[in-house]
Amino acid sequence: MIAIVDYGMGNLRSVEKGFLKVGVDARVVSDRISIEDARGVVLPGVGAFRDCIRNLTDADLTDAIIKSIREGKPFLGICLGLQVLFSESEEFGVCRGLDVFRGRVVRFPESGLKVPHMGWNTVKIGRRPPAFNGIPDQSYFYFVHSFYVAPEDMDIVAGTTEYGSEFTSMVWKDNVLATQFHPEKSQELGLKILKGFGEFVKKA
Amino acid sequence: MLAKRIIPCLDVKDGRVVKGVSFVNLRDAGDPVENAKFYDEQGADELIFLDITASHEKRKIIIDVVEKTANDVFMPLTVGGGIKSLDDIRDLLRAGCDKVSVNTTAVKDPFFISRAAERFGSQCIVVAIDAKRVSGNMSDATGEEWFGNPSLKDVCLKLPQHPPIPPSPPFAKGGIRGGLVWAISTHGGRRMKLIDAVKWARKMEELGAGEIMLTSMDMDGTKDGYDIELTKAVSEAVSIPVIASGGAGTLEHLYEGLVYGKADAALAASIFHFREYTVREAKEYLRAKGVAVRL
């Protein structure tokens, strides 16, 4: 079973339904035991960085998430679930993240760009994660965010997207895959990634 | 590169699509899920359900519609119409909807938008603005109450300062004619407010809106094209995405709204419902003219 972590933010139903559609057993959970018992962990989420960290802490879920990552359990972060993996965010002052990866979460510059970056944009695949079998390079995925991640270690970058300038839209290191875009909102190709993640979990 | 979005809009009444996809072999033409699937297959970028259910008791039906749609369709889904409270938003998001669009409630209480954005994030709060050219005949319009609220004073129109603008083709590729002013309307166009639509858009952005859905009440239903000047004026005034709406009758109109009007997305209903064009045809047309779209 894959645990979809519910911490009171975002549209989890779509993630769960997406997995269901492609025949992967994934369930929304909100307690640490279920995260520990799961074979894979998905951290979705939209909204504010600070609220996300606060809700995870209040629900006593941060340790369980970090532990499962350290143990090598397959992990999929989506949108805010990518951002909170980093050291800190500059959203509403500086806020500490889970610090799985070194780096900062920064805002798109105000230079005539529309923010949030909302809609379908292409992902240039630098390194191909296991869940990306059959996903063509430069495919369109659905984004909605105002902040993006700036990793210190560029080796973790697996995909980039152009918006004003090039930003990191996907990271992948060992068991951890995280996307800035929403696979669960990206129609057929997005579902393919969820299916790919399910297969990755099965093999792990 | 970020693609310009093409968004079909479906009117839903008491859980049934009215004026939905016609002349197609849908098993049930009034079924929102069937309609949503149809557009999903055509490569629509998002979908908007406009809930026009009149009775308050039947409002909950839309939740069920969203849930069923989200089971089968994996693209962004927006619901507009009748949203009055934070609980309404919570229920819709929980059912599987990604964004809600708010009009009348924002006009009654602009700070509702701040509270909603703070709680759910700006990305899911769309403010719908129904704008109408100020024609001088606004005797039945209300809005004076705003003058008492200091933070909203700057969005108000003072009619004597604006001479009547004769209604004219909304086409102005080069720019926006001087003196052109739009007021906003609520309750589906039935009531006018003495509020400047462009300034209102800016105010909504300031209070936390993540997107503006801009409908020209002058052009809506005409099939003569979007109000390009209105679209351009609002798009240039805010730094959040703007969806052009109201008046699309041809593929050229979509192009005009996205390119001359500088909108980030084009909403259309009838040209898709009556199968004059498919979403794919629209996108192929736009791509051939150099517009970045997802195909």
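Residues in the range B:108-126 that are crowded, with 24+ Cβ neighbours inside 10 Å and within 13 Å of B:SER185 (Cα to Cα): how many?
0
Within the range B:68-102, work out how many residues are within 9 Å of chain A (Cβ to nearest Cβ), in a helix (DSSP H, G or I) and either of a type in the set (Gly, Ala, Ser) or within 21 Å of A:GLY47 (Cα to Cα) (or both).
4
So, of the residues in the range A:109-132 that are under 21 Å from A:PRO183 (Cα atoms) and part of a loop (DSSP other than H, G, I, E, B), which turns out to be nearest to the chain's Cα centre (by Cα)? Before the answer, list the steps.
Of the residues in the range A:109-132, the ones under 21 Å from A:PRO183 (Cα atoms) are A:115-132.
From what's left, part of a loop (DSSP other than H, G, I, E, B): A:115-116, A:126-129.
On the way: A:VAL115: 20, A:PRO116: 17, A:GLY126: 17, A:ARG127: 16, A:ARG128: 16, A:PRO129: 13 Å.
This residue is A:PRO129.
Suppose the filter is in contact with a Ser or Thr (Cβ under 6 Å, 6 or more places away or on another chain) and over 28 Å from B:ALA29 (Cβ atoms); does B:ASP227 pass it?
yes
Between a first residue in the range B:110-121 that is under 15 Å from B:ARG202 (Cβ atoms) and a second residue that is among the basic types (Lys, Arg), which pairs have beta carbons less than 8 Å apart while being 6 or more apart in sequence or on different chains?
The qualifying pairs are B:PRO110/B:LYS203.
State whether the residues of the range A:177-199 include one that is farther than 22 Å from A:MET1 by Cα, touching a Gly at 6+ places or on another chain (Cβ under 7 Å) and at pLDDT 95 or above.
Within the range A:177-199, not a single residue is farther than 22 Å from A:MET1 by Cα, touching a Gly at 6+ places or on another chain (Cβ under 7 Å) and at pLDDT 95 or above.
Here is a list: B:VAL100, B:VAL107, B:VAL73. Which entry is under 17 Å from the mean Cα position of the chain (by Cα) and farther than 19 Å from B:PRO241 by Cα?
Result: B:VAL107 is the single residue among B:VAL100, B:VAL107, B:VAL73 that is under 17 Å from the mean Cα position of the chain (by Cα) and farther than 19 Å from B:PRO241 by Cα.
Count, please, the residues in the range A:162-193 that happen to be part of a loop (DSSP other than H, G, I, E, B) and more than 23 Å from A:LYS114 (Cβ to Cβ).
Quick first cut of the range A:162-193, residues part of a loop (DSSP other than H, G, I, E, B) only: A:164, A:174-175, A:180-182, A:186.
Then keep just the ones that are more than 23 Å from A:LYS114 (Cβ to Cβ); that gives A:174-175.
Of the residues in that region, 2 qualify.
Given the conditions (1) in contact with a helix residue (DSSP H, G or I) (Cβ under 6 Å, 6 or more places away or on another chain); (2) within 7 Å of another protein chain (Cβ to nearest Cβ); (3) among the small types (Gly, Ala, Ser), report the number of the one that A:GLY119 does not fulfil.
(1)
What are the pairs with Cβ atoms under 8 angstrom where one residue, in the range A:42-66, is within 14 Å of chain B (Cβ to nearest Cβ) and the other, located anywhere, is in a loop (DSSP other than H, G, I, E, B) and among the polar types (S, T, N, Q)? Sequence gap at least six, or different chains.
A:PRO44/A:ASN11; A:VAL46/A:ASN11
Within the range B:13-21, can one find any residue that is touching an Asp or Glu at 6+ places or on another chain (Cβ under 7 Å) and either modelled with pLDDT of 95 or more or not in a strand (DSSP E or B) (or both)?
Yes, the range B:13-21 contains a residue that is touching an Asp or Glu at 6+ places or on another chain (Cβ under 7 Å) and either modelled with pLDDT of 95 or more or not in a strand (DSSP E or B) (or both).
Of the residues that sit in the range A:10-19 and are surrounded by fewer than 24 Cβ atoms within 10 Å (Cβ to Cβ) and at the interface with chain B (Cβ under 8 Å from one of its Cβ atoms), which one is modelled with the highest pLDDT?
Filtering the range A:10-19 for residues that are surrounded by fewer than 24 Cβ atoms within 10 Å (Cβ to Cβ) and at the interface with chain B (Cβ under 8 Å from one of its Cβ atoms), the one modelled with the highest pLDDT comes out as A:LYS17.
The values are calculated or read from the model by the stated rules, or taken from the named source; none is laboratory data. Here the structure is a predicted model, which means the values were calculated and not measured. Cβ coordinates were reconstructed from backbone atoms using ideal geometry, including for glycine residues, and neighbour counts include every protein chain displayed.
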